[in-house]
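As structure tokens, the structure follows; a few thoughts come after it.
The values are calculated or read from the model by the stated rules, or taken from the named source; none is laboratory data. All values reported here derive from a predicted model rather than from experimental measurement. Using ideal geometry, Cβ is built from the backbone for each residue, glycine included, and neighbour counts are taken over all protein chains shown.
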Amino acid sequence: MIDEKTETNSGWQAPHEREDFTVRDERAPWGRWIVGLLFLAIVIAGALWLASKVVVPKDLPAVEKAQTEPEEKAPKIGADAAAWVKALEKDTLEGYREYLAAFPKGKHADDAQAEIDAYDNKAWATAEKRNTLSGYEDYLEAWPEGLHASKARERIAEIKAAAEARAKDAAERAALDKTHWEAAARENTIESYSRYLTQQPTGQYVTQAQERINQIKADQASAAAIAADTAAWEAAKTANRVDSYQQYMTSYPQGAYVPQALAAIEQLRPAAGRAFRDCDVCPEMVSLPSGTASLGAGDNEKDARPNEKPQRPVTFADMFAIGVKEVTFAEYNACVSAGGCSGQPRDNGWGGGNRPVINVSWDDALKYAGWLSQKTGKPYALPSEAQWEYAARAGDSTPIVGGSLAALCAFANGASQESGLKWANTACTDPAVDRTLPTGMLGANKFGVKDMIGNVAEWTQDCNTLNLRDAPTDGSADSRGSCNQRVVRGGSWFSGPADLRYAARLMQRRGDSNDFTGFRVIRKAGP
């Protein structure tokens, strides 16, 4: 039988599988007992081992407790381990803190503390990453006694100190900003606001400063436009020509003075009775209508002289303008001041200003007309005899203005009864008696012209001729005869009725000057 068993690994087969079914297992019964005993021993040993692991409850009876006393230390080691296992299973800060609270000196206390420290360090890393006051405060709130608590407090102190410093600096900068702004606003110029923007590029008032700059620029542009408009208008007005006003309106179609320019253009267009001035110191002029008039003394005119005849028709095809009044001292003095006229004429102590200029020769009058032409660009001149008489008559065909000696007083300052002169007009009383009156005090004729008769005699362009035969009939001056003598017309404050007639002609040498002779000027009417 032993031989059969030992051959199990070399092809041994169970008896019932062999071809010889007569063979039987002849092992002894005691072998089976040995195997059974071995199995029983193993079971008993396992039971004893399990019994050693059982924790005896605290409330066991004294006898049972006594029986288990030899195994008392084993349960304590098991509680530590169980708490640690529980902490590991939870794997949270609270779990590790619970273990450490239960087993401050436990087997795994260092491990638990290491896990807690890891959470602490992680919280600190988060606080440092945030690097803010609230971040460090959050760390301290969670870890008041943490590994980094002192450092967190230092960071909090630093941040607060920095914040206080920033607040102080901000307050100082705000105060300086305000100081700079107030200085700029007081000056209120582009330069002051630009300086503020340089000083405070991020200041509180940057927007306002830029707005102020823009507004000042806009105001300056507007002021410059207004000034340019005004300057252009003044230039046009000084020139006082149609083309100058048209140029103004072309340059400034929306200008402030367009209505005045249109009115000035209309004023300059030929129109009878239209008065104008070509400059502020120029005499006032009035446009006379074109037409034909009988000039010179009629055959039956009382007091007529041979050189005033024959009466003939004179046609004025073109309009012309003549001074509304005689040239005054003030107007003449402007020429003297400008260097156009030489010497200040004497006023005889009567006063200058608006009185007609006296003590001027024909040459002086000619220089004045030339100065006006140069100043205004207009063709000023002394009137011809025909122009003068045409303006004086204003359509009147009678010998004397007003038609009678009494009516003459309203239009002419001549010798009156107060003068005591034998040729005086006794129908008149004279407020001046022995001198001129300021111009324009007496009535105007139908053309709007004043003082044509009386006050001062007036120089004309014409040369001295014996009569008016063959005199020009187109209104131009007569250049025949003795041109060293020139014709004066109209009589003066010293004249009687015979010399205050429309047709009266008197002669003076061109270089003579006296206190009863002055002049007025003419120019072509219109632009």
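Things worth noting here:
- Exclusive hit being loosely packed, with under 14 Cβ neighbours inside 10 Å, at pLDDT below 95 and either more than 30 Å from TYR119 (Cβ to Cβ) or within 23 Å of the chain's Cα centre (by Cα) (or both), set ALA183, ALA170: ALA170
- Filtered residue count, the stretch 335-370, keeping only those that are in a helix (DSSP H, G or I), over 18 Å from VAL456 (Cα atoms) and touching a Cys at 6+ places or on another chain (Cβ under 9 Å): 2
- Test: ALA407 is more than 17 Å from PHE320 (Cβ to Cβ), assigned to a helix (DSSP H, G or I) and of a type in the set (Gly, Ala, Ser): yes
- Here ASP478 clears all of (1) farther than 19 Å from PRO399 by Cα; (2) assigned to a loop (DSSP other than H, G, I, E, B); (3) under 60 Å from the mean Cα position of the chain (by Cα) except the condition numbered (3).
- Checking ALA102 against (1) over 60 Å from the mean Cα position of the chain (by Cα); (2) exposed (fewer than 15 other Cβ atoms within 10 Å of the Cβ), the condition it does not meet: (2)
- Within the stretch 356-381, if we keep just the residues that are of a type in the set (D, E, K, R) and touching a residue at least 40 places away in the same chain (Cβ under 8 Å), the residue that is surrounded by the most Cβ atoms within 10 Å (Cβ to Cβ) turns out to be ASP364.
- The set of residues in the stretch 186-222 that are under 28 Å from GLY255 (Cβ atoms) and out of contact with any helix residue (DSSP H, G or I) (no Cβ under 9 Å at 6 or more places or on another chain) comprises ASN214, GLN215, ALA218, ASP219, ALA221, SER222.
- Taking the stretch 263-328 and the strands (runs of 3 or more DSSP E) fully enclosed by it, no element has 3 or more residues that are outside the structural domain of GLN246 (by TED's automatic domain parsing), of a type in the set (Gly, Ala, Ser) and under 47 Å from the mean Cα position of the chain (by Cα).
- Some residue of the stretch 233-256 being surrounded by 14 or more Cβ atoms within 10 Å (Cβ to Cβ), part of a helix (DSSP H, G or I) and touching a Ser or Thr at 6+ places or on another chain (Cβ under 6 Å): yes
- When the residues of the stretch 92-118 are filtered to those that are without any contact (Cβ under 8 Å) to a residue 12 or more places away in the chain and not in a helix (DSSP H, G or I), the one that is nearest to TRP143 (Cα to Cα) is THR92.
- Exactly one residue out of GLY296, GLY395, GLY349, GLY353 is more than 29 Å from ARG241 (Cβ to Cβ), surrounded by 24 or more Cβ atoms within 10 Å (Cβ to Cβ) and not aliphatic (A, V, I, L, M): that is GLY296.
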